[in-house]
1. To the nearest 10 square angstrom, how much accessible area does Ile95 have with a 1.4 angstrom probe?
2. Run the dipole for the range 194-235 about the Cα centre, Lys and Arg Cβ at +1, Asp and Glu Cβ at -1, nothing else charged, and hand back the magnitude in debye, nearest 20.
3. How would Thr55, Thr215 line up by accessible area, probe 1.4 Å, largest first?
4. Return the percentage of antiparallel bridges among DSSP beta bridges fully within the range 124-270, rounded to the nearest 5 %.
5. Which one of Leu182, Pro217, Val132 is farthest out on the positive end of the charge dipole of the range 132-270, using unit charges on Cβ (Lys, Arg +1; Asp, Glu -1) and the Cα centre as origin?
6. At 1.4 Å probe size, what's the solvent-accessible area of Ser234? Round to the nearest 10 Å².
7. For Trp213, enumerate residues with amide H under 5 Å from its amide H, sequence gap 5+ or separate chain, H modeled in the peptide plane.
8. In the range 113-226, what percent of the accessible surface is made up of carbon and sulfur (1.4 Å probe, ligands and nucleic acids excluded)?
Amino acid sequence: MGKKTINIVSSKPEEKKTASERKGRIVVRTGKEHGRISDLGTQALEEAVIIEKKTKKLQQEITVKAKKTGKTIKPKRVRGHRWQKARKKIDPQKIYSLFEAIKLLKTVSLSRFDGSVDAHLVVKKIGLKGEVEFPYPTGKQQKIRIADEALLKEIEKGKIDFTLLIATPQMMPKLAKYAKILGPRGLMPNPKAGTITDQPEELAKKLTGKITWKTEPKAPLIHLTIGKVSQPDSQLEENFKALVAAIGQKNIKKATLAPTMGPGVKIKIE
């Protein structure tokens, strides 16, 4: 959304009054060229003006600080009331056991749907990757496709409905045309990932049921869904342990579990 602009329409004696003003209503124009017009009471109007003044003051302070430091400064994100309330349930200084973290996580999940439980890991180096086979469903399944002429036509039309792509060495020159599309998504087959093979069907069969994990391209971070908030605690525990075993406990520096909507909980790696 763009910036919200509030213009108070005054009613000076010499000016022609609008229909809204003649009825004794206070009119507030919001938005830009295609904004909305709404009626607010006097108290709401005063609050809107106060918020606008605070916003302008904050922007001025940021601009002054940016000029002094020569750096672009972004305003701090202000979380909603529900998020702030949920955050108070978590001790920011404490690192919880896996058992405690999962129980706490379920109480701070804010989504009105069955949200996911995501693991966010800080590892020792960039470039770690592999596969993990979870003992219980996670709500997200890996879809494997083998590169062929039909798939190339789908990619050309912008249709990408797979999470892992396997290709033969002979198909790679044709796939090179789509490297700019597949590369940023981490879907381009490559020898290091083991997704280029002379026997793609066998490899696809072997990887079925497994989910690939890897660090971000420029940071030693791994993000992966391990289940749903509605799942039994024991299933989420076993799935997280399977992920730790796949990555290697010695490679993990920090770990946090977080619901789709809600604050994260730091956990011990044991």
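The values are calculated or read from the model by the stated rules, or taken from the named source; none is laboratory data. Only a predicted model underlies this, so the values are computations on that prediction, with no experimental measurement involved. Note that we place each Cβ from the backbone using ideal geometry, even for glycine, and neighbour counts take in every protein chain shown. SASA here: full protein model, heavy atoms, side chains in, ligands and nucleic acids out. Shrake-Rupley method; radii C 1.70, N 1.55, O 1.52, S 1.80 Å.
1. 90
2. On the way: 6 positive and 5 negative charges, 25 e Å.
Once rounded to the nearest 20, the dipole reads 120 debye.
3. Result, largest first: Thr55, Thr215.
4. On the way: 7 of 11 bridges.
The antiparallel proportion sits near 65 percent.
5. The residue sitting farthest along the positive end of the dipole is Pro217.
6. 70
7. Placed amide hydrogens put Gly130, Glu131, Val132 under 5 Å from Trp213.
8. Details: 3750 of 6800 Å².
C and S fraction of accessible area: 55 percent.
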